[in-house]
Structure formats: C-alpha cells, structure tokens
Amino acid sequence: MTAAADILRALNADEPREALLSRIARHTCALVRTDSCSVMLLDDTGERLVLTAGHALTERYRRDLERQAPLLVHPSGRESDLPAARAVRERRTVVLRDVGATDATWPWRELALTEGIRSLLAVPLGGLDGRDLAGVLVGYTGHVRDLAPDELAAAELMAQYAGTVLRTAELRAAEQATIRRLERAEQQDRELMRLLLDDAGLDGVLDALAAALDASVTLETPEGSPLGRAGPEVAGVPPTARSRALRRTLAAADAHRTMVQVPLGGSAGAWVAPIAVAGELVARLWVARVDGWADRPVIERFSLLVALEMLRRRQAVETELRLTRDLAVELVSGTGDERSLLDRSDALHHDLRRPHTVVLAPTGTAPVLGGSPLVGEHEGALVVLVPEADRARLAAAFAGVPGPVVIGPTVTATDGYPPAWRMVRTAHALAAEAGTTGVLDLDDLGVAALLLETGTPDGLRRLADHRLGALEEHDRTRGTDLVATLRVWVRSGCSTADTARTLHVHPHTISYRLRRVAELAGTDPRRQEGLFELQVALMVRAVQVGAARP
C-alpha cells in the first residue's frame with residue numbers, strides 16, 4: 001500500500017512517464033526482493049518490446065541489450081526467445097530459476113551472466129483479466145533462488161497495478177492534450193470573435209489565419225482568379241497550371257464542400273477548403289506550408305469567418321446596388337428633394353454635381369460603361385445616368401444591344417433629370433412604335449428635340465403622319481425626293497440656293513418641289529406656321545428612323 005500510494009502521488013503530480021516507470025521498478029525490487037528490475041513496453045505495433053525504464057540496471061546491460069536483435073514478442077526461433085517475450089505472448093508469469101542452466105546457444109544468456117543475473121521473474125503488465133497488456137515487468141537477482149508464493153503474488157499485483165497506472169497516465173496525457181486543444185480552440189475562437197467585432201474585413205481574416213498557422217494563405221474565385229492572399233509565399237501555390245487529376249480533386253471538393261489535401265512535393269502540402277455562401281460556391285481557400293500540413297481544425301474555424309466576410313461583402317455590394325438603383329429612379333421621377341439626393345449620392349461616394357448623361361435602354365442589358373454610372377429600373381426601362389460621358393463612346397458601348405436605346409440630354413442639376421427622362425421616354429416610344437432598333441442620340445435632333453419633353457408620343461406621331469404621310473407615299477410610288485428635299489431645305493436655313501447646291505439641282509427644281517410639298521402636306525413650308533409643323537414632323541420621323549442608323 002505504501003508503494004501504491006507513492007506511485008499514485010507521482011502520477012497525480014504528472015511525473016514524466018520514464019520517471020514513473022523507474023519508481024515502479026524500484027518498488028518492485030523492494031516488494032519481491034530482487035536486485036534490479038526493468039520495465040519493457042510494447043511498441044506501437046505490439047510486436048516488439050522496448051526497455052523503457054529500470055532500477056539498479058547498469059548502463060552497459062541496457063546498452064548491450066538494445067544492441068542485440070530486436071526483442072520480438074514472436075521470435076522466429078527458440079534461440080532468440082526471451083522470458084519477457086514469453087510472458088507477454090503467453091499472458092502469464094514466467095520464472096527462470098537459474099539462467100546458467102539454460103541453453104548455451106541463447107544469446108541473452110551470456111549477457112545476463114556477465115551482468116551477474118542468475119534468476120529472473122517476468123510478469124505481464126496489465127489488468128486482472130489479462131487484456132490490454134502494456135508490456136512486461138522483469139525482476140533480476142544475482143543468485144539462484146526460488147520465489148515464495150507471497151513474492152509471486154506481490155510481483156503480479158504490482159504488475160497489474162503498474163498496468164492500471166500506465167493506462168491512467170495515457171488517459172491523463174490524452175486528456176491534457178484534449179484540454180490543450182480545447183484551450184487553443186477557445187483562444188482561436190476569441191481571436192475570431194475579436195476579428196468579427198473589430199470588423200477586420202476579409203484581408204484581416206486572411207492575415208490572422210496566416211499568422212496563426214505560419215502558412216501561406218490564398219483566396220481565389222471558383223474559376224481560379226485571386227481574391228486575396230497573406231503570409232509567406234509558397235512557390236506554385238495555388239498552381240496556375242492544373243493537371244486533370246488536380247482539377248478532378250478540386251471539383252469533388254467543391255461539390256461535396258469538403259477540405260482536401262494537395263501534395264506539393266517533398267514535405268510541402270496545402271489544404272484546399274471550398275467557401276460556400278447560401279449554398280453557392282463563392283471562393284476556394286488555399287493554406288500551404290513548406291514543412292508539412294497546417295492544422296485542419298484551425299482552417300475549418302477560419303473558413304467560417306471567411307465565408308461570413310464573403311457574405312458581408314456580397315451584401316454590401318447588393319445594398320450599394322439597391323441604393324444606387326433607388327437614387328437613379330428618384331432622380332428621373334422627381335420624387336426626392338435636392339438636399340436628400342445630394343446627401344445620398346455623397347454617402348455612396350458618387351458625385352452627383354458632375355454632369356450626367358441620361359440614357360434609356362431595354363431592361364436586361366448590361367453594357368460595359370466606365371465612370372461608375374447610376375443604374376436603375378423605372379417604367380419598364382433601364383435608367384442609366386453616366387457621369388461625364390463621351391457620347392460617341394456611349395453609343396459604341398450600346399451598339400448591338402436590342403434597342404431602341406436613347407441617349408438623352410446631359411444634365412447638370414437635380415431638377416434637370418425629370419424633363420430629360422420625359423424626352424428619352426417619348427423618343428423611345430416613337431422609335432419602338434416604328435419597330436426600329438439601335439442607338440438614337442437626341443443631340444442629332446437639335447433644338448426640335450425639346451418638343452419631346454412636353455409632347456405625347458401619340459400626338460407627335462399623328463402630326464408626323466398627317467403632314468408627311470402623303471409626301472412619303474408620293475416619294476415611294478413616284479420615285480421623287482420631296483421629303484429629302486424638305487429636310488435639306490430646313491437644315492440649310494430655308495435657303496433655296498443652298499439646297500440646290502447641296503442636292504446638285506437647279507433652284508427652280510427646288511421651288512417646284514416646295515410647291516408640291518405644300519400641296520401634298522396641306523401646309524406651306526414657306527410660311528411660318530407651316531414651317532414649324534413640318535419641322536416637328538421631320539423631328540418625329542428622325543426619332544422613329546434614327547434609331548436604325550449605326
């Protein structure tokens with residue numbers, strides 16, 4: 001009981017295993033009255049004994065014993081069998097009364113006699129049921145002797161107790177390792193919470209992960225484009241050229257949302273973790289080290305924070321888009337006051353004080369535009385407000401978009417957006433009714449385009465049909481150019497001579513054509529009221545057919 005209490009105190013004091021085993025050997029010598037004692041433990045395979053600790057053994061004996069053939073539990077021949085191996089193999093106590101009386105070819109015999117060992121006792125280390133053997137307890141004496149029953153009982157009791165102590169020590173070690181892992185996990189969780197509360201952002205999370213694992217961290221899109229990186233660079237991570245096998249591995253990881261290991265050659269390796277938000281794969285996280293694999297649980301915990309930051313980034317973008325759409329709609333609909341509109345644009349880091357060109361496009365189009373335009377949907381159409389736009393480049397950006405697309409006025413004040421929107425809406429309605437497509441720039445219509453702000457599409461269309469319908473029919477059936485002549489005459493400032501030079505005809509021909517225009521249109525372009533109506537009609541036709549021009 002004294003021995004057991006001493007060993008238990010050492011166990012509770014977390015004494016190192018070798019010192020604890022040496023203490024067990026010392027107490028065994030006292031209880032069984034042996035001169036020395038050794039503790040041999042099974043290795044991980046369970047097929048070999050390793051001299052782990054002892055009491056009163058010479059260093060020479062321990063060294064020479066280890067130099068001999070491995071202490072196998074199941075040796076190939078009797079000449080290499082040891083009493084300790086037999087005790088483990090047969091799960092019973094083995095007593096060798098006289099070493100000198102053993103087979104002379106036994107290699108251990110000479111070593112034992114040189115050490116002065118004459119009698120030996122080997123007892124398996126384990127429980128009362130003989131299972132879960134940890135090794136063997138071996139006692140040695142320097143003279144031939146018979147062990148008394150109480151000595152055998154004491155030896156076996158100590159071996160059973162020692163086996164229990166060893167298992168307890170292993171459990172305590174595993175428990176301590178678990179506690180340390182939990183403490184590290186708790187510390188990492190506190191770090192993750194700090195990052196979250198400090199709003200460290202995606203870059204801050206990647207930096208913290210790289211520092212926690214002393215690893216290279218790279219975040220990429222599912223297509224392989226970089227999103228961010230931190231820590232020391234590891235050559236070839238992530239690889240730009242990816243083999244078919246690697247692509248299959250990554251595809252499987254993405255599909256099952258599981259981490260995978262990617263060997264990098266030598267001792268280097270990378271963990272690859274798919275990052276999903278709302279069930280959608282949004283990124284892939286690479287964590288690489290040149291000296292082995294990083295700690296997987298740490299990566300898993302940080303992956304959650306990376307996913308959260310990706311979600312926050314997406315929500316921020318969606319919120320900004322929504323606010324941008326709302327601002328664009330309120331500008332053209334005239335539902336917001338100037339101070340509120342300016343304050344909101346400043347909050348979005350958008351300078352509404354710059355001139356913006358108002359564009360109407362079909363919904364669902366997504367042209368590539370510079371200058372961070374404001375885009376929204378209003379009245380079934382796409383509102384695009386482009387700051388400081390080059391109209392030619394703007395037209396080129398919308399080229400090929402199923403139209404019609406109307407490029408309207410350039411606005412410099414908030415109260416200019418509603419009338420500008422009315423103009424482009426009316427122009428779009430006229431062009432759409434005519435079945436035309438393409439891009440129409442209202443700047444090409446000149447001052448007459450101002451009528452689009454107040455006139456209705458139906459009224460303007462009826463005016464154009466009433467004044468130009470007969471002219472267009474005459475040109476179509478007779479092969480004349482009355483409408484074209486009228487258009488050139490108006491653009492030339494109602495100059496007959498200039499029109500004749502432009503069309504390469506005689507001035508009398510122009511005069512004759514203008515008389516025919518007056519007869520067919522029902523109003524004389526050479527009179528003020530007739531000229532105004534015909535100018536409006538020509539403008540409407542320009543809107544209706546202008547969208548078809550490249």
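Readers should treat all values here as calculations from the given coordinates under stated rules, not as data from a laboratory. Everything numeric here is computed off the predicted structure, so don't read it as measured data. Neighbour counts run over all protein chains shown; Cβ positions are idealised from the backbone, glycine included.
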Would the stretch 311-391 count as rounded, prolate or oblate if I go by the C-alpha gyration tensor, calling it rounded below 1.5 in a/c and otherwise prolate when a/b exceeds b/c, oblate otherwise? rounded
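Shape call for the stretch 22-157 from the C-alpha gyration tensor, a ≥ b ≥ c root eigenvalues: rounded (a/c under 1.5), prolate (a/b greater than b/c) or oblate?
Details: a/c = 1.33, a/b = 1.04, b/c = 1.28.
It comes out rounded by the Cα gyration axes.
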Given labels modelled 7 Å from the Cα in the Cβ direction, how far is it in nm from T240 to D465? 6.3
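Give the shape of the stretch 136-186 as rounded, prolate or oblate, defined through the alpha-carbon gyration tensor: a ≥ b ≥ c are the square roots of its eigenvalues, a/c under 1.5 means rounded, and otherwise the shape is prolate if a/b is larger than b/c and oblate if not. Walk me through the numbers before you get to the answer.
Details: a/c = 9.00, a/b = 3.77, b/c = 2.38.
Cα axes put the stretch 136-186 in the prolate bin.
Which net charge results for the neighbourhood of G336, defined as the other residues with beta-carbon distances under 12 angstrom from its beta-carbon, given Lys and Arg at +1 and Asp and Glu at -1? Each step should come with its number before you reach the end.
Numbers: positive: R339, R344; negative: D326, E330, D337, E338, D343, D415.
Residues close to G336 contribute a combined charge of -4.
Give, as a single signed number, the net charge of other residues whose beta carbon lies under 13 Å from the beta carbon of L166, with Lys and Arg counted +1 and Asp and Glu -1.
Details: positive: R17, R23, R167, R172; negative: E15, E18, D132, E170.
Here the count lands on 0.
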Please identify the GluC sites (Glu not before Pro) of the stretch 306-343 that satisfy two criteria: DSSP loop assignment and at most 14 other Cβ atoms within 10 Å. Which are they? none
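What does the extension gain come out to for E170 and A399, with contour length at 0.36 nm per residue minus their alpha carbon separation? Before the final figure, lay out the partial values.
On the way: separation 229, 0.36 × 229 = 82.44 nm, distance 7.55 nm.
So the extension gain works out to 74.9 nm.
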At 7 Å along Cα-to-Cβ for each site, give me the label-to-label distance between A19 and M1 in nm. 2.7
Could you work out how far apart the two model spin labels at R145 and R97 are, taking each label as a point 7 Å from the Cα in the direction of the beta carbon, and quote it in nm? 1.6
Any chance you could give the angle, 0 to 90 degrees and rounded to 10, that helix 244-256 forms with the longest Cα principal axis of the chain? 90
The Cα extents of the chain along the principal axes, largest first and rounded to whole Å, are 150, 48, 36
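Quote to one decimal, in nm, the extra length available between D132 and E59 on full extension: 0.36 nm per residue of separation minus the C-alpha distance between them. Walk me through the intermediate numbers first.
Values: separation 73, 0.36 × 73 = 26.28 nm, distance 2.98 nm.
Taking D132 through E59 to full extension adds about 23.3 nm, to one decimal.
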Based only on Cα atoms, what mean projected area does the convex hull of the stretch 214-344 have, in nm²? 10.7
If one compares the long axis through the Cα atoms of helix 482-491 with the longest principal axis of the Cα atoms of the chain, the angle in degrees, nearest 10, works out at 80
